[in-house]
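Presented below is the structure to which this report refers.
The values are calculated or read from the model by the stated rules, or taken from the named source; none is laboratory data. Keep in mind that what you see is a predicted model, and the values were worked out from it rather than measured. No Cβ is skipped: glycine too gets one built from the backbone with ideal geometry, and neighbour counts run over all protein chains shown.
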Amino acid sequence: MKARILHNPRCSTSRAVLEQLRAAGIEPEIVEYLKTPPSREELLAMLVAMEAGPRDILRAREPLAAELGLLAPERSDRELLDALADNPVLIERPIVITEKGVRLCRPAERLQEIL
């Protein structure tokens, strides 16, 4: 099985999910999304595949989210998606893509849904 992980090596959950993939015999394509951020179109495609909205992958604990006013309920999906594309630090991680689907693997056990 092929897999791709939007990964932050500084994140313990992201490291745990990467370990789970490898334990399952999968060597994923690792995308350090802070160095190589996904485009707005890629983010949108992942959200569609997850049946989720931008708020679902917004890293609300990141101070920049509050600074940009992204936690306000009146912010539109378009505004949130633009902010995620412009500021990849706001993307919650890890996001894993396999042929069985796309998941924000937080908690790490969500990975099992797409293996």
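Taking the criterion of being modelled with pLDDT of 95 or more, in contact with an Asp or Glu (Cβ under 9 Å, 6 or more places away or on another chain) and not basic (K, R), the residues of segment 1-19 that qualify are A3, I5, L6, H7, N8, P9.
Within segment 1-38, the set of residues being more than 20 Å from G101 (Cβ to Cβ) and touching a residue at least 24 places away in the same chain (Cβ under 8 Å) comprises N8, C11, E32, L34, P37.
Looking at A60, A83, A45, A66, just one residue is free of Cβ contacts under 8 Å to residues at least 60 places away in the same chain, of a type in the set (A, V, I, L, M, F, W, C) and not in a helix (DSSP H, G or I), and that residue is A60.
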